[in-house]
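Quick note: the coordinates plus some simple rules give every number you see, no bench work behind them. A quick note: this is a predicted structure, and the numbers were derived from the prediction, not measured. Cβ: placed from backbone, ideal geometry, glycine included. Neighbour counts: every protein chain shown.
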Amino acid sequence: MPRGVIMFVRLVDGFNRRVGTVAMYLVFVMMGILFYSSISKAFLLPANWTLESAQFAMAAYFMLGGAFAMQTGDHVRMDLFYSSWSLRRRAAMDVLTAVALITYLAFMLYGGLSSTTYAIQYGEKSFTAWAPYMWPIKVTMTFGILLMLLQSVANLIKDVAQVRGKPIA
């Protein structure tokens, strides 16, 4: 593999590892928000921002952690035959599925960019009592899709290298 391609794979892997490590802690943010929500409903006047904030934290956790889960292989996989195959055969199958995934993520990124642009341009707000602006979570989700797309390309490159018998470590 050319040196620039290997550098791209390592850069994407490293960046997604850092973002995923930070995103892991968003679960605790969400738990804190929900804990505050429970306490405020029991003893004080309930806050109307807690449920939606927890949903935003969960969406950010899911979207920003997706590329890291893809990188580490922690996502769900249908494994009827896959585990019994050789590394090269698995990589060849992963190349085929990566093309479909990259196509899907490219469409998702296009839709995410369109939706984010709309939210920023028109000041889109949620239709709830709290009515927060939607652009921060849409930017976060679109960024997460971009990270998954980049990780999919990096994984495709690693799989092609594996099929060729020259794995990228």
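Structure values in brief
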| item | result |
| --- | --- |
| Using a Förster distance of 25 Å, the FRET efficiency for F35-S126 (Cβ separation, nearest 0.05) | 0.65 |
| Extension gain, Y133 back to L44 (0.36 nm per residue minus Cα-Cα distance, nm) | 29.5 nm |
| Leading residue at positive end of dipole, segment 3-163 (Cβ point charges), from G73, L26, T103 | G73 |
| Ordering of 49-55, 145-151, 82-88 by burial proxy (mean other Cβ atoms within 10 Å per residue, highest first) | 145-151, 49-55, 82-88 |
| Helix 87-122 axis, angle to the chain major axis (alpha carbon atoms, nearest 10°) | 30 |
| Cβ-derived FRET efficiency at R0 25 Å, V22 paired with A169, nearest 0.05 | 0.55 |
| Gained length - I6 relative to L113, 0.36 nm times residue gap less alpha-carbon distance | 35.7 nm |
| Correct option for volume of the Cα convex hull per residue in Å³ [calculated from the coordinates] among (1) 111; (2) 213; (3) 133 | (3) |
| Assigned charges on the beta-carbon of Lys, Arg, Asp, Glu; the chain dipole about Cα centre (debye) | 580 |
